[in-house]
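Contents: one structure, followed by commentary.
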Amino acid sequence: MTSSLHIALRRAAVLCLVAGFVDAYGYMALGHVFTANMTGNTVLLGIAAAELDSGRVLTFAVTLIAFFAGATGASLMIRTLGKRPLVLLTVALVLAATPVLHLAERSELLLLTFAMGMQGAALSRFGSTSLNTVVVTGTMLRLADELTARLLSAVEREPKPAPGAIAIPLAAWLVYGIGAAVGALFLALLAYPLLAPAALLLVIAADVARSEMVSA
């Protein structure tokens, strides 16, 4: 495995681990609402609307708005400041601060969802592979496509997929689930479970910052 591929794989895996962790935390601790999986929240919003449950409709609606606002804010920071590590650092600080602020359930949910929107917009390119780190549906589709391409390249002598085209989405999918399991476990065992993903994000922020300094 080349150094660049190893870096891309490491970053994608850690970010997906964090998203899975925070998603599980939100679902289990904050009223069965996802903090990263907006597809799920959109479906749940539709179900709540069909059941005329105005309280749940409001919860899912403001969660979707918070995620969109976080993604927009991150995109604005990147386009104006050009500092992706700063976005990741902000997300890490939000995760670390949220539990000690002792916020109301909905306020904590919105803050974490905002943070996950920021993370999703912070990094989406890992080597030659485009990947969304806060959802796995697109990742599974990409993996299926790349596996098909690999099969055809063996049978019909088509060009092989780029390095990491299979390993990165496969790892991202698996690690997202692992992150959810770890998040559920830490929630049951630790007083401040969100400090763990915050620490991981600090590591990735430093990693990205170092790469940007080298390439500058």
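Residues in the stretch 126-145 that are assigned to a helix (DSSP H, G or I) and either acidic (D, E) or open to solvent by less than 70 Å² (accessible area, probe 1.4 Å) (or both): G138, T139, L143, A144, D145. So for the stretch 172-183 (the condition being of a type outside the set (S, T, N, Q), out of contact with any Gly (no Cβ under 8 Å at 6 or more places or on another chain) and buried (at least 22 other Cβ atoms within 10 Å of the Cβ)), does at least one residue qualify? Checked against the condition, which is being of a type outside the set (S, T, N, Q), out of contact with any Gly (no Cβ under 8 Å at 6 or more places or on another chain) and buried (at least 22 other Cβ atoms within 10 Å of the Cβ), the stretch 172-183 yields at least one hit.
Out of all the residues in the stretch 197-216, which are open to solvent by 40 Å² or more (accessible area, probe 1.4 Å) and either in a helix (DSSP H, G or I) or of a type in the set (S, T, N, Q) (or both)? Talk me through it step by step, then tell me what you get.
Of all residues in the stretch 197-216, those open to solvent by 40 Å² or more (accessible area, probe 1.4 Å) come to 199-200, 202-203, 206, 210-216.
Across the stretch 197-216, the qualifying residues are A199, L200, L202, V203, A206, R210, S211, E212, M213, V214, S215.
Among residues of the stretch 177-196 that are within 16 Å of V134 (Cβ to Cβ) and in a helix (DSSP H, G or I), those with a beta-carbon under 7 Å from a residue that is of a type in the set (A, V, I, L, M) and open to solvent by 40 Å² or more (accessible area, probe 1.4 Å) at least six positions away or on a different chain give the pairs I178/L17; G179/L17. Test T148 against the criterion of being crowded, with 21+ Cβ neighbours inside 10 Å, assigned to a helix (DSSP H, G or I) and of a type in the set (V, I, T), and give yes or no. For T148, the condition - crowded, with 21+ Cβ neighbours inside 10 Å, assigned to a helix (DSSP H, G or I) and of a type in the set (V, I, T) - is not met. All but one of (1) without any contact (Cβ under 8 Å) to a residue 24 or more places away in the chain; (2) at positive phi hold for G31, so report the exception by its number. Of the numbered conditions (1) without any contact (Cβ under 8 Å) to a residue 24 or more places away in the chain; (2) at positive phi, the odd one out for G31 is (1). Please determine whether any residue of the stretch 51-65 is open to solvent by less than 50 Å² (accessible area, probe 1.4 Å), outside any helix (DSSP H, G or I) and hydroxyl-bearing (S, T, Y). Checked against the condition, which is being open to solvent by less than 50 Å² (accessible area, probe 1.4 Å), outside any helix (DSSP H, G or I) and hydroxyl-bearing (S, T, Y), the stretch 51-65 yields no hits at all. Just so you know, in the stretch 99-113 the residues that are touching a residue at least 12 places away in the same chain (Cβ under 8 Å) and open to solvent by 70 Å² or more (accessible area, probe 1.4 Å) include one that is farthest from F34 (Cα to Cα), and it is V100. Only residues that are assigned to a helix (DSSP H, G or I), within 17 Å of S124 (Cα to Cα) and open to solvent by 40 Å² or more (accessible area, probe 1.4 Å) were counted across the stretch 76-89, and they come to 6.
The values are calculated or read from the model by the stated rules, or taken from the named source; none is laboratory data. All figures in this text were calculated on a predicted structure; none of them were measured in a lab. Reconstructed Cβ throughout: ideal geometry from the backbone, glycine too, with neighbour counts over all protein chains shown. Side chains are part of the model used for accessible areas, which takes the heavy atoms of the whole protein and leaves out ligands, DNA and RNA. Shrake-Rupley method; radii C 1.70, N 1.55, O 1.52, S 1.80 Å.
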